C-alpha cells in the first residue's frame, strides 16, 4: 500500500501507547501554529474550469488552491483530488470550479476549522471524512490559512523538537530529538545532555 500524511491523521486518532506523546502534543497545538497562511496559498478564480485549476496547481507544485469569487472572497478549496472526483463523476470539462464546489457542498462535510482548533480535532475531521485539506477560518469566517494532512504530520513530527518544522528542509535536517536540541537556546545540558 501507499502511506500518506492522511494515514498519520488516522493513526493519531486510533493508536495509543506509541503515540501518546504525539497525541498530547496534538491536543495542545492549534491549527494556526502549523497551517500555511493564506498569503502563500495559490488561488484560482471561481469561474475557472476544474481542468484549468488543476493545471495551475500542477504548475505551482501545490496540492490546494483557494477559490476566490469576483469580489476576491475565498469560497472554498480545490485540490487534485477534486479534479479526480470530477473526472470520475463525468463532470463536463467546461464545468466551473464554482459549480463543482456547489455540488460538493451538498455532501454536508465540514471542511473548515478555526485557528484555535486543536490538531487532534483537525485530525479527527480529516480521518472521518477522508480529507487532506481544511480551510482555517478566523473571525467572521475570514480564511486565514490552509491546514493539510502533511502540515499536521509535520506538526506531530516536531513534537520532540524545540522548534516547529517550517518546511521540508527542516524535516530533512532534523535527525531526531537530539539533533534538534543541539541548536536550541537551552543548550544540550538543558535538553538532558552532558
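The values are calculated or read from the model by the stated rules, or taken from the named source; none is laboratory data. Computed from a prediction, not measured in an experiment: that's the story for all the values here. Because the Cβ atoms are built from the backbone with ideal geometry, glycine has one as well, and the counts that use them run over all protein chains shown.
Some points to look at:
- For region 122-132, the set of residues classified as surrounded by fewer than 24 Cβ atoms within 10 Å (Cβ to Cβ), touching a strand residue (DSSP E or B) at 6+ places or on another chain (Cβ under 7 Å) and within 14 Å of residue 153 (Cα to Cα) consists of 132 only.
- Some residue of region 132-149 being within 26 Å of residue 58 (Cα to Cα), at pLDDT below 90 and assigned to a loop (DSSP other than H, G, I, E, B): no
- Of all the residues in region 92-114, those that are surrounded by fewer than 20 Cβ atoms within 10 Å (Cβ to Cβ), under 15 Å from the mean Cα position of the chain (by Cα) and closer than 21 Å to residue 72 by Cα number 3.
- Residue 8 vs. criteria crowded, with 20+ Cβ neighbours inside 10 Å, at pLDDT 85 or above and either part of a helix (DSSP H, G or I) or in contact with a helix residue (DSSP H, G or I) (Cβ under 6 Å, 6 or more places away or on another chain) (or both): no
- Hey, residue 37 modelled with pLDDT of 85 or more, touching a helix residue (DSSP H, G or I) at 6+ places or on another chain (Cβ under 7 Å), surrounded by fewer than 20 Cβ atoms within 10 Å (Cβ to Cβ) and closer than 19 Å to residue 134 by Cα or not: no
- Positions within region 60-78 being outside any strand (DSSP E or B) and either touching a strand residue (DSSP E or B) at 6+ places or on another chain (Cβ under 7 Å) or at negative phi (or both), in sequence order: 60, 62, 63, 64, 69, 70, 71, 73
- Within region 63-78, the set of residues being surrounded by fewer than 20 Cβ atoms within 10 Å (Cβ to Cβ) and in contact (Cβ under 8 Å) with a residue 12 or more places away in the chain comprises 63, 66, 68, 69, 70, 75.
- Residue count for region 84-97 satisfying the condition of being within 29 Å of residue 140 (Cα to Cα) and out of contact with any strand residue (DSSP E or B) (no Cβ under 8 Å at 6 or more places or on another chain): 0.
- Residue in region 79-87 that is outside any helix (DSSP H, G or I), farther than 30 Å from residue 28 by Cα and without any contact (Cβ under 8 Å) to a residue 24 or more places away in the chain present: no
- Checked across region 150-163, the condition of being in contact with a strand residue (DSSP E or B) (Cβ under 8 Å, 6 or more places away or on another chain) and modelled with pLDDT of 80 or more holds for at least one residue.
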